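The next block holds one structure in the form of structure tokens; read it before the comments.
The values are calculated or read from the model by the stated rules, or taken from the named source; none is laboratory data. On a predicted model such as this, the values are computed, not experimentally measured, just so you know. Here the Cβ positions follow ideal geometry from the backbone for every residue, glycine too, while neighbour counts run over all protein chains shown.
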Amino acid sequence: MVLRANLILGLGETLHTPKIAGTKNKIIGAISHHEWEVKELRTDRKFAIAYAKAAVESLSNPNERGGSLLMLRALAEAYGGMGKIAAQAGISRESLYRALSPKGNPTLKTLIAVLNAVGLRLSVTQEKKVRAARTKARKRPVAA
């Protein structure tokens, strides 16, 4: 008896659902991580807001940018779909898919369209580390 897993993950990786060799048994109700993620974003508003916040905050880190763009893609899919969001942003659906890919480079207009679809807006806050560094720099004596 051989057991295999067959669950599709959101990033193209595959785990297989339990299957007994020689049979066609599948786990009923198993869904991909991406499908679960989109469903959760639709049904849990607080989760969607925290998710959007994390995605936007991570955009400034080059090591996290690809994941952040995929998070924004999941939000777009959960709140209206890629076609609707693309229309709001004034771009083609294909362009939106490219912009929200791991190597994408979305415009501000595209980011705002995705956030507006979720009922959010983009805002700016001061980063705490920057404030502390500037305060220390002002207190240092000037070398003669």
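Odds and ends about this structure:
- Against the conditions (1) touching a Leu at 6+ places or on another chain (Cβ under 7 Å); (2) in a helix (DSSP H, G or I), ALA54 satisfies every one except (1).
- Residue check, ALA52 at pLDDT 60 or above and not charged (D, E, K, R): yes
- Scanning segment 40-70 for residues that are basic (Lys, Arg) and out of contact with any helix residue (DSSP H, G or I) (no Cβ under 8 Å at 6 or more places or on another chain), we see that the one that is farthest from GLU127 (Cα to Cα) is ARG45.
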